[in-house]
Every structure is written in C-alpha cells, then in structure tokens.
Amino acid sequence: MATRLRLCRLPAHQYAATDAAGQPLSLGYPAVRSLLGRLLPDVTVALFAEPVPTADGQSVDWCSSLPGQPVLLSSLSPAEQAPVLIRLRERLEQVQLIATRLGQSGDTANADRVTRMAVEPATEQIYVQNGEPVIVGWGCHGALPAAAAVPAAAAVPAAAPVAAAAAAAPAAAAVAETAARRPWGRWLLWLLPLLLLLAALLYFLRSCQEQPPLPEPKKDDPPKQEEPKKPEDLSDLKEKIRKAEEDLQKRLDACPAPEVLPKELPKEPDPFPPVKEEPKKPEPPKPEPPKQDPPKPEKKPVPTKPEPPKQEAPKPEPAKQDPPKQQAQACPPKPKAWEKPEVAILLDASGSMGLPATLSNADARALAKRAAMGDPTARARLTGGKGSRLEVAKDSVGDLTRTIPPEVDLGLLVFGRCEGTDNYKFFSNAERPQMVAQVQKIQTQEGTPLARGLERAGNMIDGVTVPGTIVVVSDGEDSCGGDPCAVARALKQKKPNLKINVISVDGSGTGKCMAEISGGRVLMPREGENWDDLMLRATDQAPRPPGCP
C-alpha cells in the first residue's frame with residue numbers, strides 16, 4: 001500500500017464545507033477522486049489533499065500521495081510562487097470543465113461536489129511538493145485561518161497528537177489579532193509561517209525519537225511506481241473485453257444459420273412423388289372415352305401449359321418491396337445519449353494565420369524579405385484580409401455547424417499566445433449559432449502554443465467510453481517550447497478511442513506525428529478543393545442523408 005504523507009492537521013470544526021444536500025463535502029472525496037482519475041492525469045487528481053479523520057473525530061489529517069517534502073506556498077519567494085500558481089489555476093480550470101460536463105450528462109451530485117472542491121483557495125491552504133501544488137481544506141473558499149494549518153509532514157497512519165503545533169495555535173491567533181489592530185503588526189504576520197514551521201520541526205524531531213521504526217513506510221514506497229501501471233492494465237483489459245464481446249456477437253449472428261436447417265429437414269419427406277401421382281391416376285380414365293375423338297388431345301396442351309406462367313406474375317411484387325428496405329437502411333441509427341460522438345476544433349490564431357490562404361510559408365518568407373527592402377508589391381501580397389488563412393478556417397467552421405449531424409457535440413479551443421489558450425465549452429445543436437458568433441470574434445495573436453492547446457483539448461474530450469476526434473487547424477509548429485508529439489502519445493495511452501486529425505493550412509504536412517500516433521490523418525488543401533468539405537472530412541463524420549429523421 002502506498003504511503004500517504006500528512007501535510008497538516010486541522011480541527012474538525014474548522015472544516016465545514018458541505019455539498020448541496022448539506023452533507024460534509026469530504027464524504028464524497030473517494031467517489032470524486034475515482035471519477036477524476038479516469039479523466040485527468042494523476043498529478044492533477046493529487047491537487048486535492050485526502051481528508052483522513054483522526055480516531056477521536058476531533059481533527060482531520062490532510063494527506064498527499066505525491067513524493068517530496070511539503071512546504072507552505074507562503075514560505076516561498078514570489079519568483080518561486082509564480083509557476084506554482086500558474087499550474088494551480090490551469091488544473092482548477094480542467095477540473096471545472098469536468099464539473100460542467102458532469103452537469104450536462106445528468107450527474108448533478110458529482111458535478112456539485114467537483115464544483116465546490118475546485119474553488120480558489122487561500123494562500124495558507126496551498127502546499128508545494130516538488131513544485132506541484134496541493135490544496136488542504138478545499139471547498140472552504142479560503143475561510144481557514146492561517147493559525148489552523150499545523151504542518152506535520154509525517155506518514156499516515158500516525159495518530160499521535162500534535163502537541164507542539166496545538167500549543168502554537170493560540171499564540172499565533174493572538175498575534176494575528178494584534179496585527180489587525182496595529183500597523184506595525186504587519187511584520188508579525190510574516191513571522192507566523194516561521195513559528196509554525198518551527199513547531200512542526202520540533203514535533204518531527206520528537207516523533208523520530210519516540211517512533212524509530214521509520215523504514216516500514218519505505219518498504220511501501222516501491223508500490224508507488226506500480227500504481228500508474230494499474231490503469232494501463234485496466235485499459236488493456238477493457239480493450240480485450242470489447243474484442244471478446246465483438247467476437248461473441250459475430251458468433252451469435254452466425255448461430256441462426258444452422259437453426260434453419262432442421263426446420264427444412266422435416267419438409268423434405270412431405271413431398272413424396274407417389275402422393276402427387278395419386279391424383280393423376282383418375283386422369284387416365286377420363287381420357288379413355290375421348291381417345292376416339294382426335295380434337296381432345298389438342299386441348300390438353302393449351303389449357304395446362306399456359307397455367308404455370310400465370311404464377312410468375314406475383315414474383316415481381318416482392319422485388320418492389322426491396323427498394324424501400326434499402327432506403328430505410330441508408331439512414332444511420334440515431335445514437336443514444338451516452339454514445340454521442342465528440343469533436344473538438346483546435347484552431348490556430350497565431351500571426352502567420354493572417355497571411356493569404358493561397359500563399360505557402362516559403363513564398364511568405366521570400367515576400368517578407370522583399371517587403372523589408374521596401375518593395376510595395378511584396379508588402380501588398382502579404383496582406384490576407386478576407387482571404388487570409390484564419391478567415392477561411394473561420395468560415396469553414398461556421399459551415400461545419402450546419403452540415404455535421406445534430407447529435408455530435410462540437411467543442412472549440414483557440415491558441416495564439418504562449419501564456420495560454422482560450423477554452424470554450426461543448427456546444428449542443430441548439431447552441432451552434434453561439435459557437436459561430438464566438439468564432440467570428442477570433443483575431444490573430446503572437447505565439448503558437450500547439451502542445452498546450454492539444455493537452456487542453458485532450459482533457460476536454462472523453463475518448464474512453466465515447467469516441468472523440470480532435471481537429472487541429474494550424475499552419476506551423478509549436479513556438480512556445482512544447483512537444484506536441486509527446487502530448488499526443490500521452491493522450492493516446494490514456495484515451496484509446498481518441499483520434500487526432502490535422503489540417504495543415506499551408507500544405508507543409510506539419511503535425512504528422514500527432515496524427516500517426518493517434519491513428520488519425522494529415523489533410524492538406526488541394527487546388528480547387530472546397531474548405532467546407534475538407535473540414536467535414538477531418539471530423540470523420542458524414543452529413544445525415546436528406547429525408548432521414
């Protein structure tokens with residue numbers, strides 16, 4: 001069993017976060033952690049520390065599964081705090097997106113819990129382990145006092161009372177009250193974290209002397225590396241189960257064929273030739289008297305032979321019934337609510353997307369050199385205007401909202417600056433006009449954070465139980481230090497039903513590794529090809545035939 005590292009111990013009455021039903025929010029932590037673990041990386045799930053009540057129920061130990069020595073965020077310098085806060089806000093945004101999707105799918109209970117957990121914490125609620133943020137007392141909207149957080153970096157279960165920290169808490173509260181009344185008390189507020197760390201250090205030294213068997217938790221350390229392998233094994237098992245179900249269905253479909261054989265076997269003995277010949281026996285006495293009349297045998301071939309062709313008339317009737325069956329089969333079945341496919345459009349809004357759509361990157365570089373030397377013709381050709389790459393892509397996205405089947409959920413993400421991406425929600429069929437209006441507001445920016453945009457799109461889409469497709473529309477490579485290929489490989493391992501199709505706007509074929517890793521394609525606009533058709537092909541969706549419900 002992996003060792004949980006205790007970050008701090010808080011009195012139980014100071015953590016009063018509840019869900020919509022009025023129950024303690026910590027009761028739903030196991031279910032929320034299991035749900036987030038299927039959709040987000042482990043380091044993101046570990047953002048929320050695990051609440052472990054003590055044996056007497058008077059306190060709550062907040063524990064972390066991450067390795068490394070925890071420190072308070074407030075004890076770091078502003079330069080060290082900046083990257084931690086960026087990671088914290090990005091992961092809170094990812095969790096809030098999960099909450100939105102849970103609410104849209106009808107799971108309101110978990111959506112409410114995740115929304116309440118992902119609120120902005122106060123500085124004193126944030127710990128840092130190896131540069132990764134961890135929140136204690138989540139769900140309290142930053143209402144925990146600084147004096148309540150008692151750092152205690154010890155392995156759980158270790159239920160010994162924190163005597164040193166408990167003794168320091170009243171003194172810290174008195175100092176905080178004095179600081180609020182007097183201006184010079186601000187300097188005392190800076191001493192609070194040092195006092196708390198000193199109390200934790202004293203307790204840690206005492207616990208080391210009183211409890212020498214510390215190597216026991218080290219024996220549990222190796223399983224920490226085995227834990228991330230478990231979901232991979234489970235995903236392989238799910239894939240094997242799916243293949244086994246498909247093989248079983250094929251065998252079941254083949255089973256009805258032999259069942260028809262025994263039904264036809266009893267029919268074979270019924271048509272005995274002697275039984276049919278018996279009615280023919282009375283026929284010979286009838287022709288005996290007319291044998292003398294020569295004209296009678298001439299009448300026999302006339303009435304008897306034309307009768308069988310009369311039976312051929314009803315044969316074309318079943319042939320007329322076949323065409324409507326084929327027309328009914330042409331309409332694809334309507335997917336169920338939980339089977340609706342997802343498509344996320346990842347649109348590049350970097351500065352190069354402002355070039356004309358008919359201009360390649362090599363020609364653009366040559367024209368830029370001529371324009372720098374004062375050539376007005378080259379400067380005019382570099383201006384895309386309404387015919388720019390971005391405008392053509394925006395128009396094709398707008399047309400896609402009208403041609404793609406209505407049951408497909410469409411998501412939108414835009415990247416064009418290294419500081420981050422603009423993430424928009426999934427738009428239902430009724431909300432697609434809002435998506436078109438949002439797309440038309442997009443303007444070119446500086447920077448191409450392709451890797452970060454791909455990671456955000458992958459976290460937004462399901463790709464496990466529901467097939468998902470990410471359509472990347474870009475004209476270049478990552479210019480912000482990211483590795484899109486590594487991001488695509490990590491997403492494919494976690495979400496086997498995810499596919500990445502890349503539309504290379506400039507026709508250079510960039511993004512090939514992202515498509516190959518995920519089983520997708522690289523599409524390049526050809527001369528005379530309609531961009532609307534190109535965008536629809538990239539979604540792997542076909543428009544619903546006319547006349548289908």
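A short reminder: the numbers here are calculations on the coordinates, not readings from a lab. The structure presented is a predicted model; accordingly, all values stated were derived computationally and were not measured. Note that each Cβ is placed from the backbone with ideal geometry, even for glycine, and that neighbours are counted across all protein chains shown.
Alpha-carbon geometry of segment 450-549: the Rg and the Dmax are 14.2, 50 Å, given in that order. The label point for N429 and the one for N130, both projected 7 Å from the Cα toward the Cβ, are 4.8 nm apart.
Going down the table (K243/K495; K340/K441; K334/K499; K250/K492; K240/K492), which pairs top 25 Å between alpha carbons? The answer is K340/K441; K250/K492. Rounded if a/c is under 1.5, else prolate if a/b beats b/c, else oblate: with a ≥ b ≥ c from the C-alpha gyration tensor eigenvalues square-rooted, which is segment 42-124? Taking the square roots of the gyration eigenvalues as a ≥ b ≥ c, segment 42-124 is oblate. The calculated FRET efficiency for the pair Q493 and A368, based on their C-beta separation and a Förster distance of 56 Å, comes to about 0.90. If you take all other residues with their beta carbon under 13 Å from the beta carbon of P543, and give Lys and Arg +1 and Asp and Glu -1, the sum is -2. Annotation: peptides 58-64, 420-426, ranked by per-residue average of other Cβ atoms within 10 Å with the highest first, follow the order 58-64, 420-426.
Maximal additional length on extending the L202-E516 stretch stands at 107.5 nm, based on 0.36 nm per residue less the C-alpha distance. Sorted on the mean count of surrounding Cβ atoms within 10 Å across their residues, most packed first, peptides 239-248, 26-35 read 26-35, 239-248. Stretching the chain fully between L252 and S77 yields a gain of 56.4 nm (0.36 nm per residue, less the alpha carbon separation).
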